[in-house]
Amino acid sequence: MHLIQLTTPSGDTEISVGELLSSGLHGLEPEPVLLVDEQVQSFYSELFSPFRCITIPSGEQHKTLQTVEGICRELVQMEVDRSSLLVGVGGGLATDIAGFVASTYLREVRFGFISSTLLGQVDASIGGKNGVNLDGYKNMIGTIRQPSFVWCDLSLLNTLPHKEYVAGIAEVIKYGVIRDRDFLHYLKDHMSALLTLDGDVLEKVVTTSVSVKVNIVQQDEKESDLRKLLNFGHTIGHAIERDKKVLHGEAVATGMVLAARLSNTLGLLSASGVEMIEELVGLAGLPVRMDMDPDVLYQNIRKDKKKSGDLVHFVLLEELGHAMIRPIPLTELNHMLHDLC
């Protein structure tokens, strides 16, 4: 097992990466109240049955304030108070909702996460962002508050649908692209093993990804500057996700390819760098391209939370392993999207 400490001004998180971590629930004090994704609950009902549980419905359409309100009503009925411990169990959707509930119910209750998806383990559960969608726009309402702990239980990935597991690899690739060129080469050499959930490879990949994110978040918890680099591929990716109704990782994969091509067009990233990203995305079985309407993408990006006035803070690549943030006027981005698509 690997332990990684995240230290920020607002709180510290101990992140554990390993197998069968969920059995540690019995050692938590006070006894936790679990907020569990319904699919995870169906697979591991015996593990969670000794505890008080609230089920979080699966599916992006349930990542709303209405779901949060329903959970808070159940907490009131259970007489959960500020001395309680909430534990969100599931993928990024479940931990986002659980973290948002814990950050707002009674103006803060202590909480932790057990992350059950690859995307959740390497990204969504790390760093304290907790939020819900509004009218289909991603994470428009939320908080930044650190969980006390995150358990990346690799054994839970065995029941994850393969398509969702593959979607999580997009975020893994992202970390190499923006911060660690050597990690990119490791992924290229070990992609087939990663796709078959090889234990050693998976543990290294999750630990490395978490370490990159922790390093960035510790320097910029509130996303005033450096943390924006973690949005590489996400500005276009979120627009694709809303339009095409594909998995988050699938949309981000295509978004990263388009952001790499845009970086090349602007005279930054080399053509070989673009090819490397396209190759990795393809090796993972993620979409390198999709049939997209640039006007629809543009309208979706106009509602992106990273927009500031008439500018979008867009993450570009100077080279593999080195990202930068460039404000791009919306009108200019509109023309770029037509060229890219």
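Overview of values
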read-out: Pick from the stretch 81-115, criterion of a type outside the set (Val, Ile, Thr) and under 13 Å from the mean Cα position of the chain (by Cα), ranking: nearest to Leu28 (Cα to Cα); value: Ser115
read-out: Yes/no for Thr117 being closer than 19 Å to Leu75 by Cβ, in contact with a Gly (Cβ under 8 Å, 6 or more places away or on another chain) and crowded, with 24+ Cβ neighbours inside 10 Å; value: no
read-out: Meets criteria (modelled with pLDDT under 95, surrounded by fewer than 15 Cβ atoms within 10 Å (Cβ to Cβ) and not assigned by TED's automatic domain parsing to the domain that holds Lys245) for Pro30; value: no
read-out: Tally, over the stretch 61-92, of residues that are surrounded by 18 or more Cβ atoms within 10 Å (Cβ to Cβ), part of a loop (DSSP other than H, G, I, E, B) and of a type in the set (A, V, I, L, M, F, W, C); value: 1
read-out: Qualifying residue in the stretch 135-142 (condition: touching a Phe, Trp or Tyr at 6+ places or on another chain (Cβ under 7 Å), among the β-branched types (Val, Ile, Thr) and within 30 Å of Gln299 (Cβ to Cβ)); value: no
read-out: Residue that is of a type outside the set (Phe, Trp, Tyr) and under 21 Å from the mean Cα position of the chain (by Cα), where the choices are Leu226, Leu333; value: Leu226
read-out: Odd one out for Arg73, checked against (1) over 18 Å from Leu6 (Cα atoms); (2) among the basic types (Lys, Arg); (3) in contact (Cβ under 8 Å) with a residue 12 or more places away in the chain; value: (3)
read-out: Test result for Leu25, in contact with a helix residue (DSSP H, G or I) (Cβ under 6 Å, 6 or more places away or on another chain) and in the same structural domain as Trp151 (by TED's automatic domain parsing); value: no
read-out: Residue that is among the acidic types (Asp, Glu) and surrounded by fewer than 24 Cβ atoms within 10 Å (Cβ to Cβ), where the choices are Glu171, Glu108; value: Glu108
read-out: Strands (runs of 3 or more DSSP E) contained entirely in the stretch 93-184, each with at least 3 residues that are touching a residue at least 40 places away in the same chain (Cβ under 8 Å), of a type in the set (A, V, I, L, M, F, W, C) and closer than 21 Å to Val212 by Cβ; value: 149-153
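Residue by residue, here is whether (1) over 27 Å from Thr159 (Cβ atoms); (2) small (Gly, Ala, Ser) holds:
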| position | (1), (2) |
| --- | --- |
| Met191 | no, no |
| Lys204 | no, no |
| Ser224 | yes, yes |
| Thr235 | yes, no |
| Ala239 | yes, yes |
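The values are calculated or read from the model by the stated rules, or taken from the named source; none is laboratory data. The structure presented is a predicted model; accordingly, all values stated were derived computationally and were not measured. Glycine also receives a Cβ, built like all others from the backbone with ideal geometry; neighbour counts cover every protein chain displayed.
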